[in-house]
Amino acid sequence: MDKIQQIFNEKWAIEAKDYHHLLSLILPSINNGNLAAIEQHLSQNKVTAYAAMPYVADRWELEDASLPENSVVILTCDGVLYSWETFRLEQFIAKALANPKIAGIVLFVNGPGGMITRVDLLERMIRESSKPIAAYITGVCASAHFWFVSACGRKFVSSPMDEIGSCGIIYTYQSFKKYYEELGVELKDIYPDSADLKNKMIRDMEEKQDDSLIKEKLSFYHNLFAQAVARNLGIKYDRNDPLFRGQTYFADVALANGYVDAYGTLEDAIVWVLSQATLKRANEII
């Protein structure tokens, strides 16, 4: 039930069409009382991890005793990002950083964004990583995915059709009052005079159709997002720049603007990570 509640209560950095598609899958099950099916869907692990070597078909588990030296961890980030999956990404990265046999990490990304909880922590973890981390984008890298991918040391795109960007925040307000009325249930929230600001943001929206407090909070989150992207891309934050207003770019434009670094394959990303790890060791010896 907690995961279902988060779907409706969370703040999102996601393409609107993907969030509405998610709701279209969930709401019929809620209407039919089939909450178990929703929980099962949301509990599927979309974040997976394995270790690889360049030009070798074999794969290894991260805890495999036979893991070769200078392995590179591949973390898949596919589909809508939920807060519990962001935490799984953090855990996998921590394991990779702690394993001396692992040279670095490649994020295999195809995601439209998702919940923003812990995304700022994941972005900082990637930015401050002691080992090289690259991103291999194939499909879309938007919203919450773009937030943390911007911190990667090298960002590869796979196709001119890849889409990058959508630096923005969204909150979809949902009122269930009519639903309860149809069930014959009347809800009335009562607050003591001493807690007049409790839930004011939602009360203003419900009672006055005033979304100013919601926008104020969303602006705070958006500023964190935009400032992180600006810092990671080495550019100045300009609120009038389409990049920071939610624009999405195809790969060629993103590459020309410096939002990604190169076309390449997953193999190219793995080789880049290994080269950076080798260079770092050489500099430490010198």
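Which value at 222 nm does the chain reach when only helices count, each DSSP H run of 4 or more adding -39,500 (n - 2.57), with the total divided by all residues and rounded to the nearest 500 deg cm²/dmol?
Theoretical 222 nm ellipticity from helices: -13500 deg cm²/dmol.
Which of the peptides 13-19, 185-191, 142-148, 256-262 is most tightly packed, and how do the rest follow, going by the mean number of other Cβ atoms within 10 Å of each residue?
142-148, 13-19, 256-262, 185-191
Using only Cα atoms, find the angle between the long axis of helix 212-233 and the longest principal axis of the chain, and express it within 0 to 90 degrees, rounded to the nearest 10.
10 degrees
On the full set of protein chains, 1.4 Å probe, figure out the accessible area of R281 and give it in Å² to the nearest 10.
100 Å²
Enter the mean projected area of the convex hull around the alpha-carbon atoms of the chain, in nm², rounded to one decimal.
Taking the Cα atoms of the chain, their convex hull projects to 19.0 nm² on average.
Could you tell me the relative contact order of the range 112-192? Use alpha-carbon pairs under 8 Å, at least six residues apart, and round to a whole percent.
In percent, rounded to a whole number, it is 28.
Could you work out how far helix 266-285 tilts from the main Cα principal axis of the chain, as a 0 to 90 degree angle to the nearest 10?
70 degrees
From the P(r) of the range 147-286, can you give the percent of Cα pairs sitting at distances over 27 Å?
49 percent
How long is the range 1-133 along each principal axis, judged by its Cα atoms, biggest number first, in Å?
For the range 1-133, the Cα spread along each principal axis is 52, 28, 23 Å.
Just how far, in whole angstrom, is the range 246-266 from the range 96-143 if you go by their alpha carbon centroids?
If we compute the Cα centre of each part, the gap is 17 Å.
Report the per residue volume, in Å³, of the convex hull enclosing the C-alpha atoms of the range 1-63.
Convex hull volume per residue, Cα atoms: 158 Å³.
Which aspartates and glutamates have a Cα less than 18 Å from the Cα of K215, not counting those fewer than 8 places away in the same chain?
Within reach: E10, E15, D204, E206, E207.
Please turn the phi angles of the range 32-39 into ³J(HN,Hα) values with the Karplus equation 6.51 cos²θ - 1.76 cosθ + 1.60 (θ = phi - 60°), one per residue in order, whole Hz, x for glycine and proline.
8, x, 9, 6, 4, 5, 5, 4
State the percentage of accessible surface on the range 74-216 attributable to carbon and sulfur atoms; use a 1.4 Å probe and exclude ligands, DNA and RNA.
Answer for the range 74-216: carbon and sulfur cover 51 percent of the accessible area.
Can you give the FRET efficiency for I30 and M161, using 1/(1 + (r/R0)^6), R0 = 30 Å, r = Cβ-Cβ distance, to the nearest 0.05?
Efficiency computed from Cβ-Cβ geometry: 0.30.
Go ahead and collect, in residue order, the members of the range 131-148 whose backbone nitrogen is under 13 Å from a label point 7 Å along the Cα-Cβ direction of V253.
Output list for this probe position: empty.
Under the Karplus relation 6.51 cos²θ - 1.76 cosθ + 1.60, θ = phi - 60°, what is the ordered set of whole-Hz ³J(HN,Hα) values for the range 65-80, x standing for Gly and Pro?
5, 8, 4, x, 5, 6, 6, 10, 8, 9, 10, 8, 10, 10, x, 4
For a quick protection proxy, order the peptides 265-278, 119-132, 39-52 by their average other-Cβ count within 10 Å, most packed first.
With the highest mean Cβ count within 10 Å placed first, the list reads 265-278, 119-132, 39-52.
Could you give the length gained on full extension between E267 and N199, defined as 0.36 nm per residue of separation minus the Cα-Cα distance, in nm?
Extra length available between E267 and N199 comes to 19.4 nm.
Which whole-number percentage describes the relative contact order of the range 90-247, with Cα contacts under 8 Å and a sequence gap of 6 or more?
21 percent
I need to check one value: relative contact order of the chain, counting alpha carbon pairs closer than 8 Å and at least 6 residues apart, in percent.
Relative contact order of the chain: 20 percent.
Note the angle between two axes, namely the Cα long axis of helix 83-98 and the longest principal axis of the Cα atoms of the chain, as a number of degrees from 0 to 90, rounded to the nearest 10.
Between the helix axis and the principal axis of the chain, the angle is about 20 degrees.
Distance cut-off 20 Å, Cα to Cα: go down the list K131/K280; K178/K217; K3/K208; K3/K155; K46/K217; K46/K95 and report the pairs above it.
Too far apart for the 20 Å limit: K178/K217; K3/K208; K3/K155; K46/K217.
Using a probe radius of 1.4 Å on heavy atoms only, what accessible surface per residue do you get for the range 44-142? Whole Å² is fine.
Value returned for the range 44-142: 39 Å² of accessible area per residue.
The values are calculated or read from the model by the stated rules, or taken from the named source; none is laboratory data. Given the structure is predicted, the values throughout are model-derived calculations rather than measurements. Positions of Cβ are generated from backbone atoms using ideal geometry, with glycine treated the same way; all protein chains shown enter the neighbour counts. The area values use the complete protein model at the heavy-atom level, side chains included, leaving out ligands, DNA and RNA. Shrake-Rupley method; radii C 1.70, N 1.55, O 1.52, S 1.80 Å.
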